[in-house]
Each structure stands twice: as structure tokens, then as C-alpha cells.
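J.: Please read through the structure below; I'll follow up with questions.
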Amino acid sequence: MQPWNLQPAHDTGLTPNERFRSVRRESGLLESLAHQVCFSLLRTYFAVAHRLSIVGRDKLPAHGPFVLAANHCSHLDALALGASLPPHHRDRAFPIAAGDVFFQTKMTSTFSAIMLNALPMWRKNCGPHALADLRRKLQEEKAIFIIFPEGGRSRNGSMMRFKHGLGMLVAGTDVPVVPCGLVGTFEALPPERGFPRPVSIKVLVGDIQRPHRLIAGRCER
């Protein structure tokens with residue numbers, strides 16, 4: 001039997017507000033329960049309101065770390081991908097959200113961290129240390145990241161050119177990248193609409209890609 005190797009939590013010393021805005025955040029018991037309840041409610045909502053269907057879920061790795069990378073044209077995208085994961089993945093699934101949108105205030109930070117389990121990516125001030133923290137969490141904690149390589153929502157439903165964030169995150173690692181296609185989220189909740197329509201949504205799970213096989217550039221549907 002190996003001796004215990006006790007180490008302090010990565011978010012030790014941070015105030016609650018700082019924890020919610022930090023990629024070093026670790027979930028406690030109450031937060032884990034909140035994540036499970038939230039994901040169960042999301043699954044029910046998408047099944048009833050959007051008749052969510054998932055094609056190729058058997059292609060998902062059995063455990064983390066891995067990255068789900070998908071097209072992005074709606075605020076429903078990350079929620080639909082989260083609702084598509086099996087129960088044993090949910091507590092380790094982290095949507096990477098724009099810090100300047102979802103973590104600007106104490107209220108939005110608390111909601112994003114506790115209810116969505118999101119991690120902030122500060123688009124204007126994302127230095128090497130922030131990327132290193134995300135990479136550490138992904139690998140050491142066997143996390144599952146939900147990422148949108150376009151770097152923002154498409155305003156017309158067409159896929160935009162990829163940014164460099166995904167490549168920088170997984171470069172030099174062997175973390176699998178699972179490409180996903182979201183169909184129907186733009187019709188259900190386009191950027192200019194405030195409330196979703198009851199439109200069917202489909203999640204298409206592609207074949208696992210390894211970082212050394214990823215090619216930067218435009219990806220057509």
C-alpha cells in the first residue's frame with residue numbers, strides 16, 4: 001500500500017468570489033450535488049423542449065481527460081453538450097466560458113461556477129499563466145473541457161475560422177479532442193433572440209482526434 005500524499009487544494013486561500021472566477025476552483029460536496037441536479041434538469045429540459053438526440057455517443061472516451069470541440073452559434077450550445085454526457089462524466093465537465101460575459105459580476109460568477117460548472121477564459125487578458133492553469137486542470141484532474149474553437153458565437157449560423165486557443169491548449173499533450181456538430185441550436189436560440197423556440201436539437205459526435213493530427217483552418221459543415 002502506498003503512503004498517502006496529502007496536498008492542499010489548488011484554490012486554498014481564495015475568497016468565495018475569487019474561487020468562482022478562478023480556473024483553479026475545486027468542487028466541494030454541495031457544489032458537486034448542485035452540478036448533478038443542474039445536469040439532470042438540463043437533460044430533462046432538452047429532452048422535452050428540444051427532443052435532444054445524440055448520434056455517436058459511444059465514441060466518447062470512457063474517462064477524462066478529453067476535450068469536446070464544437071461549432072458555436074447559440075447560448076444553448078454548451079448546455080446541449082453538457083446534457084449529452086453520461087452521468088459519470090458530469091462533475092468533471094467544464095464549459096470554457098468568456099470571462100468578460102459570464103464572470104463579470106458576483107451574481108453571474110456564482111451562477112456560472114455552481115450551476116454550469118463553467119471555467120472563465122478572459123479573452124482580452126489571457127496570458128500564459130491562465131493557459132497553463134487550464135492545461136494543468138485538464139491533465140491532472142482528468143477533466144473534460146467543452147470548447148468552441150471559433151472563439152465566439154456565429155451571427156448567421158455558419159462556422160467561422162478557428163482561433164488558436166484549442167491548439168495552444170492541447171499542443172504537446174496526448175489529450176483526445178472529440179469534434180462535435182450541433183444542429184438546431186441556432187434555430188432554437190439565435191444570438192438576437194432572448195427566449196428559445198421548441199426546435200429539435202441534435203448532437204453529432206465525431207471520431208477522436210489527437211493533437212498531432214489537428215490542422216488549423218476553416219472547417220466546413
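The values are calculated or read from the model by the stated rules, or taken from the named source; none is laboratory data. Here the structure is a predicted model, which means the values were calculated and not measured. Cβ atoms come from the backbone with ideal geometry, glycine included; neighbour counts cover every protein chain shown.
J.: If you go through the range 37-91, how many residues are touching a residue at least 40 places away in the same chain (Cβ under 8 Å), assigned to a loop (DSSP other than H, G, I, E, B) and either under 15 Å from residue 145 (Cβ atoms) or of a type in the set (Gly, Ala, Ser) (or both)?
T.: Going through the range 37-91 one residue at a time, the tally reaches 9.
J.: Give the residues of the range 92-105 that are modelled with pLDDT of 85 or more and assigned to a helix (DSSP H, G or I), sorted by residue number.
T.: Scanning the range 92-105 gives a single hit, 92.
J.: Would you please list the contacts, defined by Cβ atoms under 9 Å and residues six or more apart or on different chains, that run from a residue in the range 107-135 that is farther than 16 Å from residue 37 by Cα and part of a strand (DSSP E or B) to a residue that is at pLDDT below 80 and of a type in the set (Val, Ile, Thr)?
T.: Filtered contacts from the range 107-135: 119/23; 120/23; 121/23.
J.: For the structure I just gave you, tell me whether residue 59 is modelled with pLDDT under 90, of a type outside the set (Gly, Ala, Ser) and surrounded by fewer than 22 Cβ atoms within 10 Å (Cβ to Cβ). Spell out the reasoning first.
T.: Values: modelled with pLDDT under 90: no; of a type outside the set (Gly, Ala, Ser): yes; surrounded by fewer than 22 Cβ atoms within 10 Å (Cβ to Cβ): yes.
Taking the combined requirement at face value, the residue does not satisfy it.
J.: Turning to a different aspect of this structure: When you scan the range 24-36, do you find a residue that is of a type in the set (Ser, Thr, Tyr) and free of Cβ contacts under 8 Å to residues at least 24 places away in the same chain, even just one? Please lay out each step first, then the result.
T.: Initial filter on the range 24-36 (of a type in the set (Ser, Thr, Tyr)): 27, 32.
Next, only the ones that are free of Cβ contacts under 8 Å to residues at least 24 places away in the same chain stay: none.
No.
J.: Another question about this same structure. Considering the range 152-201 alone, what residues qualify as being under 14 Å from the mean Cα position of the chain (by Cα), outside any strand (DSSP E or B) and either over 18 Å from residue 76 (Cβ atoms) or at pLDDT 95 or above (or both)?
T.: The answer is 165, 166, 169.
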